[in-house]
Amino acid sequence: MDADKAWADYAKGILKAEIKRRNLTYADLSERLRAIGVVEEVPNIRNKISRGKYSAVFLFQCLKAIDCKTLHLE
């Protein structure tokens with residue numbers, strides 16, 4: 001596995017875990033993003049997260065939208 005793929009998988013795993021920890025769906029995330037002024041449709045969210053190659057801005061928007069105050073990077 002190349003290094004970029006490993007990092008993409010790591011990023012994907014962290015965000016998916018935080019969403020799952022809160023029992024949210026991608027539809028829920030889309031609504032919460034919209035509430036903070038970020039318009040992302042469910043298919044776009046699903047694709048971004050499944051690839052694991054999204055911007056830090058998208059990551060922080062999602063974390064803010066799901067009210068994640070602490071992130072464990074272990």
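Working carefully through the options 45, 49, find the one that is touching a Ser or Thr at 6+ places or on another chain (Cβ under 9 Å) and either among the β-branched types (Val, Ile, Thr) or not in a helix (DSSP H, G or I) (or both).
45
Against the conditions (1) more than 28 Å from residue 3 (Cα to Cα); (2) in a loop (DSSP other than H, G, I, E, B); (3) of a type in the set (A, V, I, L, M), where does residue 27 fall short? Just the number, please.
Unmet for residue 27, out of (1) more than 28 Å from residue 3 (Cα to Cα); (2) in a loop (DSSP other than H, G, I, E, B); (3) of a type in the set (A, V, I, L, M): (2).
Take the residues of the stretch 56-74 that are touching a Lys or Arg at 6+ places or on another chain (Cβ under 9 Å) and part of a loop (DSSP other than H, G, I, E, B): which is farthest from residue 5 (Cα to Cα)?
67
So, in the stretch 17-52, exactly how many residues are under 10 Å from the mean Cα position of the chain (by Cα) and in contact (Cβ under 8 Å) with a residue 12 or more places away in the chain?
Of the residues in the stretch 17-52, 9 are under 10 Å from the mean Cα position of the chain (by Cα) and in contact (Cβ under 8 Å) with a residue 12 or more places away in the chain.
Where a number appears in this text, it was derived from the coordinates with a stated rule and is not lab data. The structure displayed is predicted, hence computed values, not measured ones. Ideal geometry is used to build each Cβ from the backbone, glycine not excepted, and the neighbour counts take in all protein chains shown.
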